[in-house]
Amino acid sequence: MVTPAEQALRPQVEGAADADTADFRILIVDDDPALRRTFPHVLARPGRVFDECGSIGEAIDRLSGQHYALILLDYRLPDANGLALLDWLADNQRDEAVIIISGEDAIDAAIGALRRGADDYVRKPYHVAQLQRAVDGALHKSTLEKANKLMSQRLKASERLHRYLVESSPDLIFTLDGEGRFSYLNPRAKALLGYERGALMRRPFTTLVMPEDLDRIHGLLSQPSSLPGESFNVELRLRKYHPSSEGDSITVSLTGIPMLTQENDRRVVGLYGVARDISERKRAEEIISFQAYHDQLTHLPNRVLFKDRLELAIAQAQRRTGALAVMFIDVDRFKLVNDTFGHAEGDVLLRAIASRLSATLRRGDTLARLGGDEFTVLLPDINQPEDAEVIARKILDTLSTPVALSQGDFRATVSIGISLFPRDGGTAEDLTRNADIAMYQVKRSGKNAFRFFDPDLNSRHRDRIALENDLRSAIARDELELHYQPQVSMVHRSIVGLEALLRWNHPALGAVPPATFIQVAEEVGLIGEISTWVMEQACLQLATWQRDGVPATRLSINLSAHDFHRSDIVDAITGCLGRHGVDPHHLEIEITESIMMNDTASVASKVRGLRAAGLSVAIDDFGTGYSALAYLQKFPVSTLKIDRSFVRDLEGPMTNPIISAITGIARGFELELVAEGVENLEQASALRTLGCDVMQGYLFARPAPAIDAEAWLRRPELLFAPH
C-alpha cells in the first residue's frame, strides 16, 4: 500500500543537487490509472515533469517524439510485457533509464528485465520510500553516466584531432628558415611529392616550384626579412620526384605565416607553411565548368553557352552593321525511336545527328543542343538569306543517309526554322523564339524541310495561344452552344433525325466553328470536358422537347477518338441518359473511321456496349478513310454517313461509283444511310437515283439554335418549302 504522505529517503551524494535542479522528464507506463495519478505526487521534485500512458504501444508513440530521463514501467501491460519496451529501447539505441515495477514473484522476471537493460527492479507491494530511492538513484546514475559519456567523448575527440594533426594531416606542413630552406617537413611530403623528408631538409623551397610559378613566390621567399606581418595564400605547382625524368607536378594552395622573433624588434626569421593538394579540385572545376556549358550526351554547347555566343555575335554584328542567322532544328519522329528501340538507341541517334550537323557547318558556326531532340545553330557573318538556305539544304542532305542502329537502320529527318538578324529580332531570345516558331510551322506542314520566319507566323502563334486560353474558360463563361441540322427523308417528306453541332460564341470573334477549335481542344486536353458538356446539353434538350410535347426524333452527337480512350465512356453516356430520363433509342453516337482503326478490340467492345444499351452508332464521313468490310463486321454500327466530298461531285447526269458502292454496302449490311452536304436539287435527285433517301444539308436547312429545330419538328413541311 503506497501512502502519499510518506517521505522518501534521499541519498545526499555529490551531484545530487545538480540532479534536483536539472529538468527530468519521466514517463509512467502502467495500466492502473490510479497508480499513474499517484506517482507524480509521490515522486514530485523541482525540475521533474511527468507523462503517463497505459500500454506499450502508447509508450512507443510517446518515445518516438520525446526523450525521457526515466521510464517507470509496469511489467504486465495489456498489449505486451515490459520486456518488449526494453527490447525496443535497445533496438533504437535509446539511453533512457528504466525501473521495472512488477508483481511477479519469479526471479526469472527480474533477471530477464535486468539483462535487457533495466536499471532497477521494484517488486510489488513496495514501500513508497523504496520507490523514491530507486528513482533518485536511477536519475543520479543517469546524470553521472551522461556527464561521464560527454567528457569521454570530448577527450576522445581531442585525442583524435591531435593525432590527426600530428600524424596524418592531408596537407604538407613545413617550416622554412630565414634563407627559405626547409627546416621541418611532416610525413606527407613522401605521399604528396615522392621525396623523402631527409632529402628535402635544408633544400630551398623554390627548387620544388615549377618555373612558370617562380615569379609569384620568389619575392615572398627570397627575402624573408621583408615578409609581411600577415599570412598570405597563393596557388602554385610543385614538381614531383621522378628519378629518370622531369616528372609531373601537383597544384597546391599554399598558406604562409611569417615566424617572428620574441624580441622587441619582432624580426621575421622564417616561414610556417601549409600546402594543400588541390589538383583534383582544379580538375573537377574544369569538368564542372565544361558541364555547365556543354551537353553531356553530345558534348556540344548547351543552351547557356549558345545564348552567350549568340549575344556576343549580335554585339559584333551591330558594330559592323552585319547580319547573322539562327536555326532551330527539331528531329522528326524521335519519340518513335525511343519507344521502339529504347532510350539508349535514341542517344546513339542523337550523337550521330550531332556529328553530321557539325560536319556541315563552317568553322566559326556554333551548333548547340538545347535538350531532348532540339538543336540550335548560330551562323555569324551571313551576307544574305541564301547563305543560310544553302546550309539548311546541306543539313537535310547529310541526313538522307540512314543512321545505323543496333536494331536496324533509321532515316532521320529534321524540321528547321530560320530567323535572321536584324530582320527578325534584335535579341538572342527574339531570334531563338522566332526560329522556333518557324520550325513549328514546318512540323505542321509535313516535316523534313526548312522555313524562314515570317512575322505573320508570330501573329498566328499568338492567336493560337490566345485561343487556347479563351477555350479553357469557354464552358465556365457559358459560351458554348448546340445548333441542330435536320436529317430528312425525301420519300416521306419528314424529319428522321437531327445532328447536334457545337458552336462557340466567342466574346470577340463571334461564332467560332468546331473546325477551328476542336483540334485545339484535343491538343490541350479539353476535349473530354467539352464532350461531357455536349452529352449533357443534348440529353437535356431531348428531355425538354419530350416534356413540351415536341414530336420525338433521334439526335446525333459526335465523339472524338479521345473520348473512346475512356474506359467508362459507355457508362458515362448511359448515365447521362438516365439522369435526364431520355430513351436511349433517341440518341445516336457518331464516330469516325479513324477511331475504328485504333485499338480495334477495345473500340468494338464499346460500340457493342452502346448498341446493347439501345443507342444507334453511325460512322461519320464514311468512305474517306480506310473503310473495309471487315470493320463493319466487327463493329455493330447502325448508320453510314456519306461524306459531303462525294456528294459535291454529283452534278446533272453524273454519278459517283463510290456512292453506289456505299449504298450497296449499306443494303448488304442492313444499315441506314445518310448523305451529308446536300446543297441543291440535282444532288438530291442523284442520291435518290442511287438509292439514298435520307439527306442532310443546306438544301433543307442550315444548322440553327434549338428554337428553330423545335419549329422544324413541329412543322416538317417548312423544310421542303422553296427557299
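The values are calculated or read from the model by the stated rules, or taken from the named source; none is laboratory data. Everything quoted here is computed from the prediction, not taken from an experiment. Note: ideal-geometry Cβ built from the backbone for every residue, glycine included; neighbour counts use all protein chains shown. Note: accessible area is taken over every heavy atom of the protein model, side chains too, but ligands, DNA and RNA are not part of it. Shrake-Rupley method; radii C 1.70, N 1.55, O 1.52, S 1.80 Å.
At a glance:
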| read-out | value |
| --- | --- |
| Residue ranges of helices (runs of 4 or more DSSP H) in region 643-723 with at least 2 members touching a residue at least 12 places away in the same chain (Cβ under 8 Å) and under 26 Å from GLU593 (Cα atoms) | 644-647, 657-668, 681-690 |
| Elements of type strands (runs of 3 or more DSSP E) in region 385-467, at least 2 residues being within 22 Å of LEU367 (Cα to Cα) | 414-421, 449-452 |
| Restricting region 341-373 to residues that are part of a strand (DSSP E or B) and buried (at least 17 other Cβ atoms within 10 Å of the Cβ), the residue that is farthest from the chain's Cα centre (by Cα) | THR366 |
| Residues satisfying the stated conditions in region 527-564, i.e. farther than 19 Å from GLU499 by Cβ and either outside any helix (DSSP H, G or I) or without any contact (Cβ under 8 Å) to a residue 24 or more places away in the chain (or both) | ARG547, ASP548, GLY549, HIS562 |
| Of all residues making up region 31-52, the number that are in contact with a Phe, Trp or Tyr (Cβ under 7 Å, 6 or more places away or on another chain) and more than 20 Å from ASP136 (Cβ to Cβ) | 0 |
| Some residue of region 674-695 being closer than 25 Å to GLY614 by Cα, open to solvent by less than 10 Å² (accessible area, probe 1.4 Å) and modelled with pLDDT under 90 | no |
| Members of region 176-196 found to be part of a strand (DSSP E or B), touching a helix residue (DSSP H, G or I) at 6+ places or on another chain (Cβ under 6 Å) and among the aromatic types (Phe, Trp, Tyr), listed by number | PHE182 |
| Set LEU482, LEU498, LEU471: member being in a helix (DSSP H, G or I), at pLDDT 80 or above and open to solvent by less than 40 Å² (accessible area, probe 1.4 Å) | LEU471 |
| All positions within region 281-298 that are in contact (Cβ under 8 Å) with a residue 24 or more places away in the chain and either of a type outside the set (D, E, K, R) or assigned to a loop (DSSP other than H, G, I, E, B) (or both) | ASP295, LEU297, THR298 |
| Search result, residues across region 313-340 that are part of a helix (DSSP H, G or I), open to solvent by 50 Å² or more (accessible area, probe 1.4 Å) and over 24 Å from VAL390 (Cβ atoms) | GLN318, ARG319, LYS335, LEU336, ASP339, THR340 |
| Residue that is nearest to LEU640 (Cα to Cα) [pool: residues in region 552-585 that are open to solvent by 50 Å² or more (accessible area, probe 1.4 Å) and of a type in the set (Lys, Arg)] | ARG566 |
| Pairs where the first residue, in region 381-404, is among the aromatic types (Phe, Trp, Tyr) and the second is open to solvent by 40 Å² or more (accessible area, probe 1.4 Å), C-beta under 7 Å, 6+ apart | none |
